[in-house]
Amino acid sequence: MHQNRTLIRGDNLTEMRNFPDACIDLIATDPPFNSKRNYFVPYRDEHGRKPETLVQAFTDTWAWGDAAEDAYRELMVDVGGLVGDTIEGLRKFLNETPMMAYLVMMAIRVVEMHRILKSTGSLYLHCDPTASHYLKIILDAVFDTRNFRNEIVWSYHRWTGATKHFQRMHDILLFYVKDRKLSKFNILTEPYSEKSKHKGRRKTTVHADGTIDQIYTGDISREKAMRDVWEISYLNSQAKERVSYPTQKPIPLYKRIIAASSNEGDLVLDPFCGCGTTLMAAEEQNRHWIGIDLTYLAIGAVEQQFERLFPQHRDTVTIAGTPENVDQALALARTDPKGFEEWCVTHVLKFKSNTKKVADGGIDGTFRFPLGRVKGKQVYGKAVAQVKGGNYTLGHIRDFRTAMQNEEADLGVFVVTSPPSSGMRTEAARAGSYEHPLFDMEAPALQIYEIQDYFNDVLPKLPFGERTLL
Ligand SMILES: C[S@@+](CC[C@H](N)C(=O)[O-])C[C@H]1O[C@@H](n2cnc3c(N)ncnc32)[C@H](O)[C@@H]1O
């Protein structure tokens, strides 16, 4: 069984199948929603919009195809019973649509989640009204309707344009327990509303000038048991915890779930962990945690977020499913160039990943480092990176040097999997060297970095500084 603070890069179905029965106290997770407004939209291509890398990753997953058909068969044959009947009924209604593909892929994972939860355990499945009604039917079938606890409404405000319907400003969290008789639940409270008579007794004073004062004299610190409608701010672009991971959720939302349905030392799992909101919330409350995500980008984001929020524990995180030696790194470069690039940028270099790549000359990542204050304002230097997992030529190095100039970068790292020729080295040397204005640090401005060096503990020469997140 995995230890505390483990991050697994991989498909959560395969990974959860390696977990023993009844080993997890709490699963709090936020899968892709299958909604058009979400970053992970299976319809995006069909609407003619340019697919982005991460979207591409899900387009295959949620389209009806072999994987969905296999999952459907497994649900009918291996799982069967009420779950099989439910899925069969849904297919009659939804046919082989992306929504049905999404539901079978979710159903087969929910079956695993149920298996690995302890009898005292709970599941919170984060979704939105696009699919929450279908997911609830599936959860009822897997967990039993009697183990349904709440449909929590997370209500928030955010900027939207005018539409021909009411503004959609809530998500749904479906809360189930494995066994209602054994489940853990710590009652959380919230303050009474301003107007509530339960706040205490009201004392009215009429003054000589006719004005009236009303004050509450009771114990105003008393609170009431928390409702299932939660008003928690959506992360705005300025939020401190923001790492620009698409679909990042606020830590306070997940802290509430963890406080209610687990105790210190319990093991919390997020099998769709994204940039690790659940994991940060678990760490803050002294729970143990395991996170799984399909993308190298997400795993890199969790690493960076965790190092920033819990620097004292930075060396205690175990990462599985990412290259552990040169051969694995080279195999990744061959089989999954995009994954290799994300791993190099976010994990090896700890740069901010460039997910947009619009007319930027192929810059894959950036890193800003502080250069001190000028007229009271912090000034930053800039490093950029490009990853070449396959063959590369002298022309690529020249183009990267041009991109560095266009980006006004002080330093550039060109990551490769094979040694450069002497001509390439000469071309790189043309970029000159960089001297840090504050520290005794000098380095070639354009460094060709062979990934083999990473496994010999040799990193590119870069200034210290807090890495900007994603
Ligand atoms: C909605 S996001 C989670 C966001 C997260 N709550 C946060 O605050 O960052 C869903 C995540 O599920 C991941 N994902 C999708 N399919 C997956 C699979 N089969 N196995 C593991 N992770 C998957 C995606 O890469 C994405 O990071």
If you take the residues in segment 121-139 that are under 24 Å from residue 267 (Cα atoms) and more than 20 Å from the chain's Cα centre (by Cα), which one is surrounded by the most Cβ atoms within 10 Å (Cβ to Cβ)? 121
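Yes/no matrix, rows are residues, columns are (1) crowded, with 21+ Cβ neighbours inside 10 Å; (2) assigned to a loop (DSSP other than H, G, I, E, B):
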| residue | (1), (2) |
| --- | --- |
| 265 | no, yes |
| 273 | yes, yes |
| 286 | no, yes |
| 301 | yes, no |
Among (1) surrounded by fewer than 24 Cβ atoms within 10 Å (Cβ to Cβ); (2) in the same structural domain as residue 32 (by TED's automatic domain parsing), which single condition is residue 281 missing? (1)
Residue check, residue 322 outside any helix (DSSP H, G or I) and either at pLDDT 95 or above or under 19 Å from the mean Cα position of the chain (by Cα) (or both): yes
Residue list for segment 371-395, filter: aliphatic (A, V, I, L, M), surrounded by 13 or more Cβ atoms within 10 Å (Cβ to Cβ) and farther than 30 Å from residue 422 by Cα: 371
Output yes when any residue across segment 362-385 is assigned to a loop (DSSP other than H, G, I, E, B), closer than 17 Å to residue 450 by Cα, of a type in the set (Asp, Glu) and touching a helix residue (DSSP H, G or I) at 6+ places or on another chain (Cβ under 6 Å), and no when none is. yes
When residues of segment 258-302 are limited to those that are acidic (Asp, Glu) and within 13 Å of the ligand (Cβ to nearest atom), the one nearest to residue 8 (Cα to Cα): 293
Among the residues of segment 283-296, are any modelled with pLDDT under 90 and more than 24 Å from residue 124 (Cα to Cα)? no
Modelled with pLDDT of 95 or more, buried (at least 16 other Cβ atoms within 10 Å of the Cβ) and not assigned by TED's automatic domain parsing to the domain that holds residue 242, is that true of residue 363? no
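The values are calculated or read from the model by the stated rules, or taken from the named source; none is laboratory data. Just so it is clear, the structure is predicted and the values come from calculations on it, not from any experiment. Here the Cβ is made from the backbone with ideal geometry for all residues, glycine too, and neighbour counts use every protein chain on show.
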